[in-house]
Each structure stands twice: as C-alpha cells, then as structure tokens.
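All remarks here apply to the structure that follows.
The values are calculated or read from the model by the stated rules, or taken from the named source; none is laboratory data. Just so it is clear, the model here is predicted, and its values are computed rather than measured. FYI the Cβ positions are ideal-geometry reconstructions off the backbone, even for glycines, and counts take in every protein chain you see.
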C-alpha cells in the first residue's frame with residue numbers, strides 16, 4: 001500500500017479538520033503539545049539532577065537528541081522554561097482544588113483531598129516535579145503573574161481552613177500559618193521522593209494526607225499508617 | 001596618648017596568647033571568623049533574593065564593599081560557599097538536637113523541641129537561612145559528606161519518633177515518612193518567612209511547633225494558636 005505523504009499544507013488543513021485519517025495520527029497541534037511536554041519533562045529532570053544553575057538549554061536539547069533550535073522554538077529562554085514549570089504546577093494545584101471542592105464533604109475533607117491530589121499529580125509519572133524555588137529566574141512580568149495566581153490559590157485554601165473551623169471538622173488555628181505549613185510539607189516532597197524508590201506516588205500522597213489531616217482534625221486518628229510500603233501501590 | 005600599632009607579627013602572637021589587651025579587641029582568628037560569617041550572611045541574602053544561579057561571587061563582594069580577592073580568601077569558589085551554608089545548617093541542626101535530647105521529657109517533647117529550636121535559629125537574626133536546595137552545586141566529596149551527616153541526623157530523628165511511640169507520647173506511624181514530612185514543613189519556611197514581616201522568628205517557630213506536635217501527639221491539643229502575631233514576640 002502506498003503511503004500518502006502529508007505535505008505542510010495538508011497537515012495545516014488537518015489541524016483544523018478534526019477526524020481526518022480517523023484520528024490515527026495525533027493532530028499537528030497535539031503533536032506540538034506532546035513535544036512541548038517532553039521538553040518540559042526533560043528540563044525538569046535535568047534541573048532536579050544537576051540543579052537549575054548548572055544546566056544549560058543545550059544540555060537539555062542533547063538529552064532529548066534534538067537540536068538547540070528545536071528547543072528554542074518552544075522555550076526561547078531558560079526563564080520561559082521556568083515559567084512553563086510554574087504554570088504547570090499552578091494548573092495542577094487549581095485542578096486539584098476544583099476536584100476537592102466538588103468531592104469533599106466538609107472543610108477538612110476538602111483540604112486533605114486537595115493536598116493529596118495535588119501531591120500525587122506533582123510526584124507521579126507524568127508530572128515529575130521541580131522543586132519550585134527558581135522564581136528568581138522568572139521575568140518580572142511572569143513573576144508578578146505567578147505571585148497573583150499563587151495568592152489567589154492560597155486564599156482559597158485559607159477559606160477551606162475557615163470552612164472547616166466553622167463546620168467543626170478543623171480545630172481553631174491560624175489559617176494563614178496553617179496553609180503555609182501544609183503547602184511546605186507538600187512542596188518539599190519532590191526533594192526526596194523518586195518514582196524509583198521504595199514507595200509509590202499513591203502511597204506517599206495517601207500517607208502524607210493522613211499526617212496532615214491529623215494535624216488539624218477535631219477527631220484525630222488514634223493511629224497512622226505504620227508502614228507506607230504496605231498501602232495500596234496505586235489509586 | 002600614642003596608639004600602639006599592631007603589626008603582623010604582634011597580631012599573630014596575640015592569636016596564641018589570649019588575653020592580650022584584656023580582650024578589648026577580638027583576636028585575629030576571631031576577626032577572621034567574624035568576617036567569614038559576614039560574607040556567609042551576605043551570600044545567603046543575595047542567593048535568597050536573586051537566586052543561586054543568578055548571583056556571582058563578584059556581586060556578593062560588592063554588596064559588602066570588599067574586593068573579590070578578599071572574598072576568594074574565605075571562599076575560593078561558589079561551591080565552597082554553598083558547602084559552608086550546608087555546614088552551618090548541619091551544625092544548627094545537631095546543636096538543636098543535642099539541646100532537645102537534654103531538655104525534652106519524652107520522645108514527642110524532644111522531637112517538637114528540636115524542630116522548634118532548629119527553625120528558630122534557621123530563620124532568626126544571625127542565621128538568615130538559605131533554602132537548602134543547591135546540593136548540586138557541591139563538589140562530589142562535599143556532597144558525600146553532607147549526605148552522610150544528614151543521614152545520621154535523620155536517623156536520630158527517627159529514633160526520637162520511635163522513642164515517642166514506645167513511651168506512648170506519639171501515635172503509631174511510619175517514622176521515616178514522618179521525619180521527611182516534619183523536616184519538609186520546617187525547611188520550607190525560609191521560602192516565605194522574612195524578619196521584616198508581620199511575625200517574628202519566635203512566633204513562627206512556636207506556632208509551627210504546635211502544629212507539628214499535634215500531628216503526632218497521643219493527646220492532641222483541642223485548639224491551636226489562632227493568631228500567630230499574638231504569641232510572645234521573643235523567646
């Protein structure tokens with residue numbers, strides 16, 4: 001069977017007309033998104049391994065076997081790459097928050113669920129997460145945007161703490177400090193967690209969820225998981 | 001009154017013979033230590049403000065009004081500077097641990113006291129703390145040494161958790177995960193805390209101590225501090 005060669009114009013047309021080839025091949029825009037994600041993951045992995053300051057865009061391109069020019073197409077600067085990392089983290093955070101608000105039964109339940117979902121996505125297969133400490137590398141505009149998004153997100157979490165205090169699921173506490181401590185406990189995990197280690201992402205996020213829940217609960221558990229590795233590996 | 005000029009040889013002699021000039025002037029070795037500390041603090045402050053990757057040794061020297069050569073005398077490389085930062089953090093950690101083991105009444109009490117002392121020194125006046133994420137910048141030898149020291153320190157903390165479970169002050173839990181979470185919550189604080197903010201180092205470390213204590217305690221408090229700023233500002 002003769003293979004049909006897809007020229008530049010055909011591909012462009014395909015991007016618009018969904019369903020061509022019965023979607024056997026990802027659309028061009030989807031391929032672009034997949035490449036961008038692959039680059040992002042390679043970058044995060046290199047930053048985590050060698051440190052942000054010690055990793056050049058060139059090394060990242062090399063690790064993927066692509067040219068520097070290909071990388072520049074997606075991320076013209078290291079700063080743009082960091083902005084994309086923060087962007088992804090904020091998206092995961094807000095998605096987790098939305099799911100937790102939908103499914104949680106009370107303030108504490110929503111808060112714990114949010115932290116658990118957030119952590120699991122952060123450290124799981126598809127989102128090898130960067131320790132989010134390189135804000136200095138952002139442009140002033142990107143940084144201002146991040147601060148704004150993060151402030152809004154933290155405000156929402158403080159509201160969940162207040163909701164929990166009101167509905168009696170969370171003990172009286174300082175919502176601002178409490179949210180800082182919860183997020184700190186969660187954000188530090190990528191520093192020591194690796195998918196190649198003894199614990200899975202699901203085990204770690206479930207066990208950390210338990211610990212953080214107990215910190216605030218008006219009905220604190222009498223015992224916590226004594227062996228993280230014995231928890232369900234997936235889920 | 002004629003001022004006595006202190007030549008190079010006199011100073012060297014003074015270093016050995018303590019008590020000359022009735023200690024009105026710090027000894028030469030003490031002055032050296034003070035300068036080294038000042039450099040370390042300036043470096044940490046610059047790293048925290050602009051990020052490790054974006055700060056050169058030259059900028060640090062400039063911020064103190066000294067020459068690059070003066071800085072090189074103490075820290076010939078950025079890697080040596082980072083090693084000194086980690087070294088200081090490990091010293092503070094081990095000092096806090098020793099004090100807590102001496103003064104604490106049971107496993108949980110020792111653990112909470114340790115975290116509180118550690119945090120307070122880390123974020124207080126004299127120890128403006130670097131987010132400890134730049135291990136990549138260490139030489140392999142320095143890094144191996146750090147990992148060894150840190151492993152020993154974490155082992156000691158796990159032993160405190162086990163002691164607390166045995167003496168009934170801490171609920172059954174996984175000591176390894178618990179220590180990771182406790183240290184994460186504490187190590188993230190320099191990321192958001194500033195001595196110029198609404199809360200003092202003493203307030204923050206006391207309130208975080210309460211939260212972390214409650215996470216593990218077999219007799220969890222019914223309420224936590226509701227307004228961190230209302231805690232004693234010092235102490």
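Filtered by the rule that a residue be within 20 Å of residue B:191 (Cβ to Cβ) and modelled with pLDDT under 90, the range A:103-133 gives A:122, A:123, A:129, A:130, A:131, A:132, A:133. Would you confirm, using the coordinates I've provided, whether residue A:92 is surrounded by 15 or more Cβ atoms within 10 Å (Cβ to Cβ), within 14 Å of another protein chain (Cβ to nearest Cβ) and touching a helix residue (DSSP H, G or I) at 6+ places or on another chain (Cβ under 9 Å)? Spelling it out, it is not the case that residue A:92 is surrounded by 15 or more Cβ atoms within 10 Å (Cβ to Cβ), within 14 Å of another protein chain (Cβ to nearest Cβ) and touching a helix residue (DSSP H, G or I) at 6+ places or on another chain (Cβ under 9 Å). Residue A:108 meets the conditions (1) touching a residue at least 12 places away in the same chain (Cβ under 8 Å); (2) part of a helix (DSSP H, G or I); (3) not assigned by TED's automatic domain parsing to the domain that holds residue A:148 in every case but one. The failed one is (3).
Of all residue pairs spaced 6 or more apart or on separate chains, none has beta-carbon atoms under 7 Å together with a first member in the range A:127-143 that is in the same structural domain as residue A:36 (by TED's automatic domain parsing) and within 12 Å of residue A:78 (Cβ to Cβ) and a second member that is part of a helix (DSSP H, G or I) and modelled with pLDDT under 65. Quick check on my filter: what residues within the range B:216-235 are touching a residue at least 24 places away in the same chain (Cβ under 8 Å) and either within 7 Å of chain A (Cβ to nearest Cβ) or on the phi > 0 side of the Ramachandran plot (or both)? Matches in the range B:216-235: B:228, B:235. The set of residues in the range B:28-52 that are surrounded by 18 or more Cβ atoms within 10 Å (Cβ to Cβ) and either in the same structural domain as residue B:123 (by TED's automatic domain parsing) or closer than 26 Å to residue A:138 by Cβ (or both) comprises B:42, B:43, B:44, B:46, B:47, B:48, B:51, B:52. With respect to the stated conditions, residue B:115 is touching a residue at least 40 places away in the same chain (Cβ under 8 Å) and on the phi < 0 side of the Ramachandran plot. Quick check: is even one residue across the range B:130-140 more than 29 Å from residue B:34 (Cβ to Cβ) and surrounded by fewer than 18 Cβ atoms within 10 Å (Cβ to Cβ)? Taking every residue of the range B:130-140 in turn, at least one turns out to be more than 29 Å from residue B:34 (Cβ to Cβ) and surrounded by fewer than 18 Cβ atoms within 10 Å (Cβ to Cβ).
So which residues in the range B:30-81 are more than 20 Å from the chain's Cα centre (by Cα), closer than 23 Å to residue B:124 by Cβ and assigned to a loop (DSSP other than H, G, I, E, B)? The one that is more than 20 Å from the chain's Cα centre (by Cα), closer than 23 Å to residue B:124 by Cβ and assigned to a loop (DSSP other than H, G, I, E, B): B:55.
For the range B:184-212, a residue qualifies if it is facing chain A (nearest Cβ under 9 Å) and under 26 Å from residue A:224 (Cα atoms), and the qualifying residues are B:184, B:185, B:186, B:187, B:188, B:189, B:207, B:208, B:210, B:211, B:212. No other residue among B:192, B:188 is at pLDDT below 95 and within 20 Å of residue A:207 (Cα to Cα) apart from B:188.
Taking the condition more than 21 Å from residue A:136 (Cβ to Cβ), surrounded by 14 or more Cβ atoms within 10 Å (Cβ to Cβ) and assigned by TED's automatic domain parsing to the domain that holds residue A:115, does residue A:66 pass? Considered against the rule, which asks whether it is more than 21 Å from residue A:136 (Cβ to Cβ), surrounded by 14 or more Cβ atoms within 10 Å (Cβ to Cβ) and assigned by TED's automatic domain parsing to the domain that holds residue A:115, residue A:66 comes out as no. Just give me the residues in the range A:166-183 being within 7 Å of chain B (Cβ to nearest Cβ) and over 17 Å from residue B:119 (Cβ atoms), in sequence order. Scanning the range A:166-183 gives A:171, A:172, A:173. Closer than 30 Å to residue A:46 by Cβ and within 12 Å of chain B (Cβ to nearest Cβ), is that true of residue A:148? Answer is no for this residue.
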